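Before any comments, here is the structure.
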Amino acid sequence: MRSMTIRRAVVQDAERLTALIQESGAYRGKYASIISGYRVTADYIARHRVFAAVDAVGRLLGFYALVLEPPELDLVFVADGAQGKGVGRLLIEHMIGQAREAGLTDVRVVSHPPAEEFYRRLGAERVGTVAPSPPKVAWERPELRFTTV
């Protein structure tokens, strides 16, 4: 995508990141419960490596959150209108670079089931399945791993 930058999220981004999650078309219907009431807080942004993709006029296109201990890609969201334009790929490539920089050899991903193929196309390997945790998550989720070395 032209004229997109990835920058470290700041605490003032918390509301915009939360709104992007809540507006996600990928979590409508049977998957809605997992994001119901979910908020990205200023504290979360301060504690983890959260990066935002923004366009030339500052519109939020997507973001990710990398947790270092234990190494996990906790959140990845791309705005519905920005999907299919390379934003997700750039965010994942950036995350792998951040993981490498932090000395991580791999990063775990518990995937939203419809997103598994996206992660696999970018090099993640399926390593297992995470059991449901009702009532919020009533379905199995793929567990994947990105190797960063």
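Summary of computed values
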{"read-out": "Residue within region 132-139 that is farther than 21 Å from residue 18 by Cβ, among the polar types (S, T, N, Q) and modelled with pLDDT of 95 or more present", "value": "no"}
{"read-out": "When residues of region 36-70 are limited to those that are basic (Lys, Arg) and touching a helix residue (DSSP H, G or I) at 6+ places or on another chain (Cβ under 8 Å), the one surrounded by the fewest Cβ atoms within 10 Å (Cβ to Cβ)", "value": "39"}
{"read-out": "Pair list, Cβ < 6 Å and 6+ apart or interchain, from region 102-129 residues that are more than 13 Å from residue 73 (Cβ to Cβ) and modelled with pLDDT of 95 or more to residues that are open to solvent by 60 Å² or more (accessible area, probe 1.4 Å) and charged (D, E, K, R)", "value": "125/145; 127/145; 129/140"}
{"read-out": "Residue check, residue 73 modelled with pLDDT of 95 or more, closer than 21 Å to residue 125 by Cα, open to solvent by less than 20 Å² (accessible area, probe 1.4 Å) and assigned to a strand (DSSP E or B)", "value": "yes"}
{"read-out": "Odd one out for residue 102 among (1) open to solvent by 30 Å² or more (accessible area, probe 1.4 Å); (2) in contact with a Ser or Thr (Cβ under 8 Å, 6 or more places away or on another chain)", "value": "(2)"}
{"read-out": "Hey, residue 18 hydroxyl-bearing (Ser, Thr, Tyr) and over 20 Å from residue 137 (Cβ atoms) or not", "value": "no"}
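The values are calculated or read from the model by the stated rules, or taken from the named source; none is laboratory data. Nothing here was measured: the structure is a model prediction, and the numbers come from that model. Glycine also receives a Cβ, built like all others from the backbone with ideal geometry; neighbour counts cover every protein chain displayed. In case anyone asks, the SASA skips ligands and DNA or RNA and just uses the protein heavy atoms, side chains included. Shrake-Rupley method; radii C 1.70, N 1.55, O 1.52, S 1.80 Å.
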